[in-house]
1. LYS36's amide H: which non-local residues (gap 5+, or another chain) put their own amide H closer than 5 Å, with H modeled 1.01 Å from N in plane and none for Pro or chain starts?
2. Which whole-number percent is the relative contact order of the chain (Cα, under 8 Å, 6+ apart)?
3. Solvent-accessible area per residue for the chain at a 1.4 Å probe radius, Å²?
4. Report, to the nearest 10°, how far helix 69-82 tilts away from the longest principal axis of the Cα atoms in the chain, using its own Cα long axis and a range of 0 to 90°.
5. Treat every Asp and Glu Cβ in the chain as -1 and every Lys and Arg Cβ as +1, leave all other atoms uncharged, and give the resulting dipole magnitude about the Cα centre to the nearest 20 debye.
6. Count the lysine pairs in the chain that are 8 or more places apart or on different chains: how many have C-alpha atoms under 14 angstrom apart?
7. Please go through the chain and write out the trypsin sites (Lys or Arg not before Pro) that DSSP classes as loop and that have at most 15 other C-beta atoms within 10 Å.
8. Mind checking which of VAL25, ASN13, VAL61 is farthest towards the positive end of the chain's charge dipole, using Cβ charges of +1 (Lys, Arg) and -1 (Asp, Glu) about the Cα centre?
Amino acid sequence: MLTIKVLGSGCANCKRLEQLTRKVVNELGVEAEVIKLTDPTKYADYGVMSTPGLVINEKTVSSGRIPSIPEITSFVTTALAAS
């Protein structure tokens with residue numbers, strides 16, 4: 001099972017990234033836990049200096065922007081292949 005963290009304060013971009021990520025997970029039929037991390041003191045632990053951030057299995061794959069659905073799909077499938 002994948003652990004996916006969406007880092008952000010709850011702004012529109014952060015919410016959008018969470019929605020897109022959940023959509024990709026559902027469409028792929030992947031077993032994953034999607035966690036919303038809103039504590040700014042934790043962002044630096046992942047090297048995220050601007051939100052939204054996306055972390056899959058403790059690896060930061062995106063920060064400071066909303067990746068496209070194909071990008072998120074690639075991040076998830078790459079993480080699945082590595083696990």
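The values are calculated or read from the model by the stated rules, or taken from the named source; none is laboratory data. This structure is a prediction, so every number in the text was calculated from the model and none was measured. Don't worry about glycine lacking a Cβ; one is built from the backbone with ideal geometry, like all the others, and counts go over all protein chains shown. Note: accessible area is taken over every heavy atom of the protein model, side chains too, but ligands, DNA and RNA are not part of it. Shrake-Rupley method; radii C 1.70, N 1.55, O 1.52, S 1.80 Å.
1. HN-HN under 5 Å from LYS36: VAL6.
2. 37
3. 55
4. So the inclination is approximately 70 degrees.
5. My answer is approximately 240 debye.
6. The result is 7.
7. Details: sites: LYS5, LYS15, ARG16, ARG22, LYS23, LYS36, LYS42, LYS59, ARG65; in loops: ARG65.
Listed in order of number, the matching sites are ARG65.
8. ASN13
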